[in-house]
Structure formats: C-alpha cells, structure tokens
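The structure under discussion appears below in the form of structure tokens.
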Amino acid sequence: MLKPKKNLLITGFFNLYINWIIKRHFQQVQFNRPDFKSDRSVLLIANHFSWWDGFLLYHVNQLVFNKKFHIMVLEDTMQKLSFLKYLGSFSVAKNSRQILQSLDYAADLLNDPDNMVVIFPQGKLYSNFVDDVHFEKGVTHIARKAKANFQYVLAATFIENFQYKKPAVNVYLKVFNVDNIAPDQLQQQYQQHYQKSKQQQTAITV
C-alpha cells in the first residue's frame, strides 16, 4: 500500500496549480454549501466519471470544508502519477489481500476530525449520466470500521457546456450525520441524492 507524503512546499505548489488548471479548463465550478460539523471528519462519497473528479473535489474541499484531503486511488494510478502522494492520495489494490489494509487505513483517517477521506464507491469510471450508481463493498467496510465521530458528505458532480466554449461544473452536496445512516443504507441514500441532483441538472435551461 502506498501512503500520502507530507511536503508543505510541494503541496503548496499543487494547491495553486490545481486552482489554476481548473480555472483554465472550466468556465465555472458551482456548488452548494451544506451545513456540516467542523469538529467531525468527513467521508465524502462521489460518482466517478472523469480524470478530473479528484481535482474538482480537492478544489471544493478548499472552498467549503477546509479539511486535510485524502483520497483512495488505484495503486497502478499512483505508481504512474507519483505526485498524487503529495495531494493526500493513498493506494488500493483491487482483488488483492492488501485491500483490507487500505480500507482500514481510510477508517483510521476518519478518527482525526481535521481529515476528509474521498471514496469513489463505483470502483471504475462510468458515464456522467448513468441511471444507477452501484457500490462496491469497500465503502461499507470503512463506515463500519470507523468510529462514529465522522459525517457523510454525498457528492454528485455533473459537467456540461451549455452556452460556454469551456464546460461548467455543478457539484451537488448533501451532509448526513453517522447516526442518520446505517452503513448498509449508504447506497440507497446516495442513489436518492444522485437522482435528485441529476433531475436538477437536467432541468437547467439557458
């Protein structure tokens, strides 16, 4: 398992770089500001449809939650893009005995109220407008293993051009306290949030 590395200089550079590339490649990034508890860590669960997903959520975290960002990334990806370790990435090797090590590591991160852990429960890339978001088992393991001092943030992200030359991003966020969702209800609750967000997105007219 590959873990994040701390380097304030490199991380500071990438903070500026990510903001720059997002402004360069997107017309705008819009998101709501849900009520959340600043004294609890965040398990952020999101749909996965593009290379941009992690960078967009990194950007949103800086502007909304201001937590220490951690994100689960496939081990092959981290080996190819070694700089990701300076952005809070840690690896997971699917179909390997080491997968439990990665899931337990994610759960341990949630014991620190300053942390955010981002998980893409689909496990692979899907279309931005699929009807159903299917979960693999990992996120449930994390939720069960972590202590009840974190909160869930459900994120549904959609990208469309509309009237712009560059695409615009809409991120729909919803917060749940751990007491309000059992781990085995996560997929159902996420699916409801995703469908509602998708309806909002497809209702946009210009």
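For the range 1-112, the fraction of C-alpha pairs more than 19 angstrom apart is 50%.
Here the chain has 50 percent of its accessible surface on carbon and sulfur atoms, given a 1.4 Å probe and all protein chains in place.
Counting heavy atoms of the protein chains only and a 1.4 Å probe, report the per residue accessible area for the chain as a whole number of Å².
Values: 10910 Å² over 206 residues.
On a per-residue basis, 53 Å².
Give me the aspartates and glutamates in straight-line cross-link reach of LYS198: C-alpha distance below 17 Å, same-chain residues under 8 apart excluded. Leaving aside aspartates and glutamates fewer than 8 places away in the same chain, those within reach of LYS198 are ASP53, ASP131, ASP132, GLU160. Amide H contacts for SER89 (H built 1.01 Å from N in the peptide plane; partners 5 or more residues away or on another chain; cut-off under 5 Å): ILE71.
I need to check one value: relative contact order of the range 69-165, counting alpha carbon pairs closer than 8 Å and at least 6 residues apart, in percent.
On the way: 99 pairs, mean separation 25.4, N = 97.
Rounded, it is 26 percent for the range 69-165.
The values are calculated or read from the model by the stated rules, or taken from the named source; none is laboratory data. What you are looking at is a predicted structure, and each value in this text was computed from that prediction instead of being measured. All accessible areas refer to the heavy atoms of the entire protein, side chains included, with ligands and DNA or RNA removed. Shrake-Rupley method; radii C 1.70, N 1.55, O 1.52, S 1.80 Å.
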